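**Student:** Sharing a structure here in structure tokens format.
The values are calculated or read from the model by the stated rules, or taken from the named source; none is laboratory data. Fair warning: this is a prediction, and the values are worked out from it, not measured in the lab. Counting neighbours? That spans all protein chains shown, and the Cβs are built from the backbone with ideal geometry, glycine included. Heavy atoms of the whole protein, side chains included, go into the accessibility calculation; ligands, DNA and RNA do not. Shrake-Rupley method; radii C 1.70, N 1.55, O 1.52, S 1.80 Å.
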Amino acid sequence: MKKRLRKWRLISLFAIMTLILAGCGEANLSALKPAGEVAQKQFDLMVLSTLIMVVVIIVVVILFVTAIVRFRRKDGDESIPKQVEGSHKLEVIWTTIPILLLIIMAIPVVTYTFELADTSAMEVKDKDGKTKDAVVINVRANLYWWEFEYPDYGIFTSQDLVVPTDEKVYFNLEASDVKHSFWVPAAGGKMDTNVDGVNQMYLVFDSKKSNEAQNLFYGKCAELCGPSHALMDFKVVTKSKDDFNSWVKSMQTVAKEPKVAEGELAQQGQEIFNQSCIGCHAVSTSGNGAGMGPNLANFGERERIAGFLPHDKENLKNWIKAPDDYKPGNTMAGKYGELTDEQIDALAEYLLNLKVEDK
Amino acid sequence: MHVEEKFTDATWPAAPETATLEGKNKYLGFWLFLGGETVLFASLFATYLALKDKVPDSGMLLAKDLYEIPLTFAMTMILLTSSLTSVYAMYHMKNNSFQKMQTWLLITVVLGFSFLALEVYEFNHYVHLGHTFTSSAYGSAFYTLVGFHGAHVTFGLMWFLSLMLRNAKRGLSLYNAPKFFVASLYWHFIDVVWVFIFTVVYLMGMVG
Amino acid sequence: MSTYAKKQGFGATLWDFMTTVDHKKIAILYLISGGLFFILGGLEAMFIRIQLAVPDNNFMSAGVFNEMITMHGTTMIFLAAMPILLGIMNAVMPLQIGARDVAFPFLNSLGFWMFFFGGVMLNLSWFLGGAPDAGWTSYASLSIHSQGHGVDFYVLGLQISGFGTLIAGINFLVTIINMRTPGMTYMRMPMFTWTTFVVSALILFAFPPLTVGLTLMLFDRMFGANFFDAAAGGNTIIWEHLFWIFGHPEVYILILPAFGIFSEILATFSRKRLFGYSSMVFATVLIGFLGFMVWAHHMFTVGLGPIANAIFAVATMAIAVPTGIKIFNWIFTMWGGSVRFTVPMLYAVSFIPSFTMGGVTGIMLAAAPADYQYHDSYFVVAHFHYVIVGGVVLGILAGITYYWPKIFGTMLNETLGKFTFWLFLIGFHLTFFIQHFLGLWGMPRRVFTYLPGQGWDISNLVSTIGAMFMAVGVIILLINIIITSVKNVRVGNDPWGDGRTLEWAIPSPPPFYNFKQLPLARGLDAYWIEKMEGKKEMTPAEPLGDIHMPNGSIIPICITFGLFVASFGALYNMDADKPWTIPVIIIGLLITFGSMLIRSIKDDHGFHIHKEDLMDDKDKEVKA
């Protein structure tokens, strides 16, 4: 028994070591690869608490293993051990030491709680009512898609969140149907998007870390919101401040006049779009189609179809044909009647050419 | 000591409700139950306070426009009095005078029913003003809190009545004394809850 | 009077169990039905793990997956863990304090049937249009949005079974306060009785908020109220608060009895009294008390603001102190003892490091800013399975094995038990350890599938393999139970040989009146004290006399059945095409209130076992 127990402990210890060496997950997705100030603070806290806890575990395991090894009953041993009531000294020790450890932990916890909740920069407005020195993004979560509004620039986008690096990016978080939760693990912890109020938070994307992640981070919905909760992904595209500003410029251009489709097929597609889709989907960056469906103004430049499918024509066509097969319970299915394969082909052509940046 | 044993005034114990183990258990168990009920009402009060005056559009009536303080004050007085009369009933129970206890209980029940009647009138009045269970979150919370209390009053009255009728012919014993006693405890509890409702819902409702 | 010992036909046995008010039989009912629900919940867990074994799996659809996770959580917490623990409490606690039954035998039966019918109701949803799919927490915006009747089954099923639990809680409190045998002061009560006491108090204060929350949801879904409808002024955060004001103490309702069981087992098989008994009692009470102060740590990401988050973070960390006290006291109970590794002891021993793991991740979660990362990720899934499986389920398995001879009069096979133990323990760590990392690598919980290429594939497969180990362990346990029951080798009063408390001083299973004469408790571990003085039996605290016993009754089933019927009416009431709902509600309530009226009008004084019959028994024993 003793041997088996020891062996088992050794194996599990070994397993833990392998895990740690195996790495810390993907750079664009893992909370263990912090990509900015917020995630870094949270990571530091994780490390601190883990260290304290490992100390606790080691003490417990040493005492524990000693106890079960040293005091095993030998066969036929009928002796009665001394009935000890307890020990005041020991009680005091194992009450005080944990309290001290907890105090060590509590100080950074409380400090960081307040630091991470400080979104006061969002309230500083200039004379036009725009936020003075901060990028503010309104996030609205919907049944299985994300809308991102840049109120200070008057533009909307969806599914792909575009942010500048090396500065605090502030978020107003809200949900339009049921509760969701906004989470970019590599950049920092999550916050719920409630149906009954706006939450505020900020994230920072470090430019060096962003480069390591190819300037693309994965975002997740972290609150159960229905069948397709698992597929309610979004992407975060990071750009340097200059690139970000030029992106905003091109988005604003499209805000005034939506692009006219080029090519015959795409033009056909545009017609179909204007009949069947425009009720829910906006193609200019200035509107959000009454919030019914994602803004598609820069659809051709997105990372994924429907937030999670590879971005190609085949997937787009499949998606338009039967959205419910891919994202069960989504609100798009059944809203636009039957389309023929040719119509869908044209539509896909049109959509994939919706781009705002000339590249 | 058999539970249905007949007692004279001299042998009747001073605390008949806890003279048997069953009685003691019932007495303690009921107190604990009231502890749970307190948490139940506390949760309802919290919900009410969170949703007070939360209505979908600004045209709807709010607490300060609605409540009829004179009416609810009268209801308060009636319920407080009924609490007092139930105390008298228990006093007579402890003195083994069954008929007097029944009389005071009857008065309690009559007062209870008049309270209920006023409450029904009050609810009806609000519904006519457009403040209904489904009109707003505020309406839902109001009727749920006050209605839960009303349901407790109804249950208490039924309880008193069935005890009085069941035991009308056979008088007091150590078997039924605890039953009368916990029923009156319940009644006091309902009364206390109402005092809070009157304060938190109605009086605080007036100040906005 | 000795008819109880005769062989009965199946029908008679069934009727006996349906009408019984005997705490030992009710315990068996709890164990059997809790066990069945445990298997159901376990199957659901297996399906979940099969679906998640590989990325992009199509084993089941997204909708069914959400029903699975909801029912797995709800079943395991409300219908498996809690009832099994209530069963063990019912079986053991009255014996430990030297009582002949609980304070309210009738209510004890009512409480069981309410749990049972509530559980059946909830599970019928599978066959009646789909199970609830909003998670076991059933957060308001999603549960109001949820189509079909699944969430209605959740609301009504939990409401009914919740009443049952509340009744059980009050019953145990009164029993412990009023019915301890002479000499059994509070500070001589066995640890398991203490935890039962604290847990019952937690039930009493924690279940009413759930009742209110469920009522509000019921009103919203079935009667058009607006509590959680933001458009009409409602607020969904109210549900979250009410749920967690219940939900956090619920965690302690589950774990404290397991602590109690381990305390008994560790002392017994170390042949040593529990180290630091009084500080253990103090820690239990403190944990129970703090359990009510920390609910908002489940809501750090809701946006309550930094002040609330900081306060609840620090309050949560404080719970580590009394829990740590317990861990060290257990280790020092073994220290200097004479430790024998029976199956229950193996569970108890393995519990210490397993639960410590779950405890320390609890502290990590309490660090609010870090929790923004952990929250609703697989890290949380790993954490609460470490405390609930590593604490509660190990406790249940330990408790069942330990008390099996006392409840059924025969011992479970030790070899098979060791197989179950090793498979379960290894499977448990294999399944859940890796999930900490999955969470940190960005995997949210409650996802029905995941895309490849996110670095989660192998870890999920490992986790599924671990779950298989646990399943095999449980199957071996079932085989063990069948073999043991068929062989049915009878055992004596103290089959483990090292019993310390009163339950081991009487036959296994005990006679229906438990103690012929109430025993005199002369200290902590009352039976041990007598044994050490060379006595075989307890010193009686009263002369042999008539014993008053309650009558059985079918009324508890009737009351509950009425509620069950009425619930179906309420459930379908919102469908316009079903005119039969209102009559069904009325019929159901008539059955319930009619049965209650019969109960209150019909006097039931119970019966007496006469002194002479008790002496008969004794003579027979001597002969046999």
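Here's the yes/no breakdown for (1) assigned to a helix (DSSP H, G or I); (2) more than 21 Å from C:Met76 (Cα to Cα); (3) at pLDDT 95 or above:
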| site | (1), (2), (3) |
| --- | --- |
| C:Gly358 | yes, no, no |
| C:Phe384 | yes, no, yes |
| C:Leu397 | yes, no, yes |
| C:Ile400 | yes, no, yes |
| C:Gly417 | yes, yes, yes |
| C:Trp422 | yes, yes, yes |
| C:Ile426 | yes, no, yes |
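**Student:** From (1) assigned to a strand (DSSP E or B); (2) farther than 28 Å from C:Gln454 by Cβ, pick out the condition that doesn't hold for A:Gly189.
**Tutor:** Single failed check for A:Gly189: (2).
**Student:** Restricting attention to the range C:239-253, does a residue exist that is open to solvent by less than 10 Å² (accessible area, probe 1.4 Å), at the interface with another protein chain (Cβ under 7 Å from one of its Cβ atoms) and not aliphatic (A, V, I, L, M)?
**Tutor:** No: zero hits.
**Student:** While we're here: Only residues in the range A:106-131 that are at the interface with another protein chain (Cβ under 7 Å from one of its Cβ atoms) count as the first member; pair them with residues that are of a type in the set (S, T, N, Q) and surrounded by 18 or more Cβ atoms within 10 Å (Cβ to Cβ), Cβ under 6 angstrom, at least 6 apart or cross-chain, and list the lot.
**Tutor:** Hits for this filter: A:Thr113/C:Asn309.
**Student:** Next up: Could you list, in sequence order, the residues of the range C:277-311 that are aliphatic (A, V, I, L, M), crowded, with 21+ Cβ neighbours inside 10 Å and more than 25 Å from the chain's Cα centre (by Cα)?
**Tutor:** C:Val302
**Student:** Based on this model, can you work out whether C:Asp56 counts as in a helix (DSSP H, G or I), of a type in the set (Asp, Glu) and surrounded by fewer than 16 Cβ atoms within 10 Å (Cβ to Cβ)?
**Tutor:** Against the criterion (in a helix (DSSP H, G or I), of a type in the set (Asp, Glu) and surrounded by fewer than 16 Cβ atoms within 10 Å (Cβ to Cβ)), C:Asp56 does not qualify.
**Student:** It is to be established whether one or more residues within the range A:306-314 are in contact with a helix residue (DSSP H, G or I) (Cβ under 7 Å, 6 or more places away or on another chain), closer than 30 Å to A:Thr165 by Cβ, among the acidic types (Asp, Glu) and part of a loop (DSSP other than H, G, I, E, B).
**Tutor:** Checking the range A:306-314: not a single residue is in contact with a helix residue (DSSP H, G or I) (Cβ under 7 Å, 6 or more places away or on another chain), closer than 30 Å to A:Thr165 by Cβ, among the acidic types (Asp, Glu) and part of a loop (DSSP other than H, G, I, E, B).
**Student:** For the range C:59-91, which positions are polar (S, T, N, Q), buried (at least 24 other Cβ atoms within 10 Å of the Cβ) and within 13 Å of chain A (Cβ to nearest Cβ)?
**Tutor:** Residues satisfying the conditions are C:Asn66, C:Thr70.
**Student:** Could you check, for the range C:204-211, whether at least one of its residues is open to solvent by 10 Å² or more (accessible area, probe 1.4 Å) and in contact (Cβ under 8 Å) with a residue 60 or more places away in the chain?
**Tutor:** Within the range C:204-211, one or more residues are open to solvent by 10 Å² or more (accessible area, probe 1.4 Å) and in contact (Cβ under 8 Å) with a residue 60 or more places away in the chain.
**Student:** Check B:Phe155, B:Phe142 and return the single one that is touching a helix residue (DSSP H, G or I) at 6+ places or on another chain (Cβ under 9 Å) and either surrounded by fewer than 21 Cβ atoms within 10 Å (Cβ to Cβ) or outside any helix (DSSP H, G or I) (or both).
**Tutor:** Of the residues listed, the single one that is touching a helix residue (DSSP H, G or I) at 6+ places or on another chain (Cβ under 9 Å) and either surrounded by fewer than 21 Cβ atoms within 10 Å (Cβ to Cβ) or outside any helix (DSSP H, G or I) (or both) is B:Phe155.
**Student:** Please find, within the range C:437-476, the residue that is least open to solvent (accessible area, probe 1.4 Å) out of those that are at the interface with chain A (Cβ under 7 Å from one of its Cβ atoms) and of a type in the set (Gly, Ala, Ser).
**Tutor:** Result: C:Gly442.
**Student:** Residues A:Val204, A:Val254: which one is in contact with a Lys or Arg (Cβ under 7 Å, 6 or more places away or on another chain), in contact (Cβ under 8 Å) with a residue 40 or more places away in the chain and more than 13 Å from every other protein chain (Cβ to nearest Cβ)?
**Tutor:** From the options A:Val204, A:Val254, the qualifying one is A:Val204.
**Student:** Quick check, is A:Leu224 open to solvent by less than 40 Å² (accessible area, probe 1.4 Å) and at the interface with another protein chain (Cβ under 7 Å from one of its Cβ atoms)?
**Tutor:** Taking the combined requirement at face value, the residue satisfies it.
**Student:** Among C:Ala62, C:Ala80, which is in contact (Cβ under 8 Å) with a residue 60 or more places away in the chain and out of contact with any Asp or Glu (no Cβ under 9 Å at 6 or more places or on another chain)?
**Tutor:** C:Ala62
**Student:** Spot the failing condition for B:Arg170; the list is (1) part of a helix (DSSP H, G or I); (2) farther than 30 Å from B:Asp53 by Cβ; (3) not small (Gly, Ala, Ser), and only one is missed.
**Tutor:** (1)
**Student:** So which of C:Val151, C:Val174 is farther than 22 Å from C:Ile245 by Cα and in a helix (DSSP H, G or I)?
**Tutor:** Only one candidate qualifies: C:Val174.
**Student:** Would you be able to say whether some residue in the range C:602-616 is over 22 Å from C:Ala103 (Cβ atoms) and open to solvent by less than 20 Å² (accessible area, probe 1.4 Å)?
**Tutor:** yes
**Student:** Can you tell which of C:Gly233, C:Gly183, C:Gly224, C:Gly260 is of a type in the set (Gly, Ala, Ser), open to solvent by 10 Å² or more (accessible area, probe 1.4 Å) and within 30 Å of C:Leu520 (Cα to Cα)?
**Tutor:** C:Gly183
**Student:** Tally time: how many residues in the range C:553-583 are part of a helix (DSSP H, G or I) and within 24 Å of C:Met18 (Cα to Cα)?
**Tutor:** 14
**Student:** Pull up the range A:166-200, narrow it to residues that are open to solvent by less than 10 Å² (accessible area, probe 1.4 Å) and among the aromatic types (Phe, Trp, Tyr), then point me to the one that is nearest to the other protein chains (Cβ to nearest Cβ).
**Tutor:** A:Trp183
**Student:** OK, next. Provide a single number: the residues in the range C:308-337 that are more than 30 Å from C:Met470 (Cα to Cα) and of a type in the set (Ser, Thr, Tyr).
**Tutor:** Qualifying residue count, the range C:308-337: 1.
**Student:** Among residues belonging to the range C:326-367 that are of a type outside the set (Lys, Arg) and in contact with a strand residue (DSSP E or B) (Cβ under 9 Å, 6 or more places away or on another chain), point out the one that is surrounded by the most Cβ atoms within 10 Å (Cβ to Cβ).
**Tutor:** In this case the residue turns out to be C:Val349.
**Student:** For the range B:16-34, which positions are of a type in the set (Gly, Ala, Ser) and either outside any loop (DSSP other than H, G, I, E, B) or open to solvent by 40 Å² or more (accessible area, probe 1.4 Å) (or both)?
**Tutor:** So in the range B:16-34, the residues of a type in the set (Gly, Ala, Ser) come out as B:19, B:23, B:29.
B:Gly23, B:Gly29 - these are the residues of the range B:16-34 that are of a type in the set (Gly, Ala, Ser) and either outside any loop (DSSP other than H, G, I, E, B) or open to solvent by 40 Å² or more (accessible area, probe 1.4 Å) (or both).
**Student:** Now, a different point. Determine, yes or no, whether A:Lys235 is more than 8 Å from chain C (Cβ to nearest Cβ), more than 14 Å from A:Trp146 (Cα to Cα) and among the basic types (Lys, Arg).
**Tutor:** For A:Lys235, the condition - more than 8 Å from chain C (Cβ to nearest Cβ), more than 14 Å from A:Trp146 (Cα to Cα) and among the basic types (Lys, Arg) - is not met.
**Student:** Take the residues of the range C:312-321 that are under 11 Å from C:Trp295 (Cα atoms) and more than 8 Å from every other protein chain (Cβ to nearest Cβ): which is surrounded by the most Cβ atoms within 10 Å (Cβ to Cβ)?
**Tutor:** That would be C:Thr316.
**Student:** OK, next. So C:Phe289 passes all but one of these: (1) more than 10 Å from every other protein chain (Cβ to nearest Cβ); (2) touching a strand residue (DSSP E or B) at 6+ places or on another chain (Cβ under 8 Å). Which condition number does it fail?
**Tutor:** All conditions are met except number (2).
**Student:** Follow-up. Output the residues belonging to the range A:31-83 that are of a type in the set (D, E, K, R) and either surrounded by fewer than 21 Cβ atoms within 10 Å (Cβ to Cβ) or facing another protein chain (nearest Cβ under 8 Å) (or both). If you could, list the steps in order and put the result at the bottom.
**Tutor:** Step one: of the range A:31-83, the residues of a type in the set (D, E, K, R) are A:33, A:37, A:41, A:44, A:70, A:72-75, A:77-78, A:82.
A:Glu37, A:Lys41, A:Asp44, A:Arg70, A:Arg72, A:Arg73, A:Lys74, A:Asp75, A:Asp77, A:Glu78, A:Lys82 - these are the residues of the range A:31-83 that are of a type in the set (D, E, K, R) and either surrounded by fewer than 21 Cβ atoms within 10 Å (Cβ to Cβ) or facing another protein chain (nearest Cβ under 8 Å) (or both).
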